[in-house]
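Reviewing the structure listed below.
The values are calculated or read from the model by the stated rules, or taken from the named source; none is laboratory data. Quantities reported herein were computed from a predicted structural model and do not represent experimental measurements. Because the Cβ atoms are built from the backbone with ideal geometry, glycine has one as well, and the counts that use them run over all protein chains shown. To get the accessible areas, we keep the full protein, side chains included, count just its heavy atoms, and leave off ligands, DNA and RNA. Shrake-Rupley method; radii C 1.70, N 1.55, O 1.52, S 1.80 Å.
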Amino acid sequence: KLNYQGESGALNESFSDIMGTYAEYWDGSGGFDWLIGEDRKNYLTGASTPLRSMSNPKDYSQPDTYLGTNWYNTSNTGDFGGVHTNSGVQNYWFNLLSVGGSGTNDNSKAYAVTGVGIDIAGFIAYKTDAYYLTSSAQYADTRRASTQAAIDYYGYCSNVSQQVENAWNAVGVSITGLIAYIDNNSATPCGDYYATGNFIYMNSNTSLSVAQNCTVTLHTSASPYAYALSADNTVHLYPGFSALEGANVDMFIHSCNLTGNSLVQHTTDNTGTQDEAK
């Protein structure tokens, strides 16, 4: 029941393309490809003219990167805010998740995705659409939802969940409104941040910075894994940062190669700092 307008409408169109492509693959009676509408005929010329390409959206004037080349301004009135155009972003995400790929997107970000196969990619897409989204979902919501679906069905440390994230990075969709994807060591804006799932994700090689005389409150919705940091993340606490007496920060190192967790607990109060490793 995705609203047929703007980003949610583009997602509506994309999920339709995904399910149609998944069905074509599963049926196996015809030639499988990553084109949409390739079998339609121009009865004046006899030529076949596809509508869209999931593997190369730009071939048919669609974007393959969120807000990138060919992105249609969703505030415009045409085609319900560009639902048939902006669907290319998730279509390309699905293609990459299925078969993999590497390159540089329109944001000049290099990416590399290892495909998990169309069976698994189709399963994740279906579960995301059917059970994890609301009718007003945007692209950022869909990234969060599909990642959670991959974690729920395949595990946090699974290759599937990692490739779901890699594919979203490839098409330039980040999680907005959360502590996520902060580049150039810029200070985190003051305010409250909420985890809407079990995790708040930070991209590799980024820094979370709390500015001087600034209050940043992280509201957890699940414990203990409310905030997840990737390799090479750093957290800077600048002068002016303070915590109430008795405040606790628990840092969990969750290794995919371990059956248990290594725990480092860092406790700060007005009398000093204590570190305990377990």
Handout entry: Filter result (open to solvent by 60 Å² or more (accessible area, probe 1.4 Å) and assigned to a strand (DSSP E or B)) within the stretch 102-135
Key = 102, 104, 110, 112
Fill in the blank from the handout: Counting only residues that are farther than 29 Å from residue 27 by Cα and either touching a Pro at 6+ places or on another chain (Cβ under 6 Å) or touching a residue at least 24 places away in the same chain (Cβ under 8 Å) (or both), the stretch 94-137 contains a total of 10
Practice task
Would you check which residues across the stretch 4-38 are open to solvent by 70 Å² or more (accessible area, probe 1.4 Å), modelled with pLDDT of 95 or more and polar (S, T, N, Q) and list them?
Solution key: 5
Exercise for the section: With the condition kept exactly as written, say whether any residue in the stretch 37-46 is farther than 20 Å from residue 102 by Cα, assigned to a loop (DSSP other than H, G, I, E, B) and among the small types (Gly, Ala, Ser). Expected result: yes
Exercise for the section: Go through (1) closer than 21 Å to residue 126 by Cβ; (2) loosely packed, with under 14 Cβ neighbours inside 10 Å and name the single condition residue 48 misses. Expected result: (1)
Problem - Residue satisfying all of: in the stretch 55-97; aromatic (Phe, Trp, Tyr) and assigned to a loop (DSSP other than H, G, I, E, B); nearest to the chain's Cα centre (by Cα) among these - result: 66
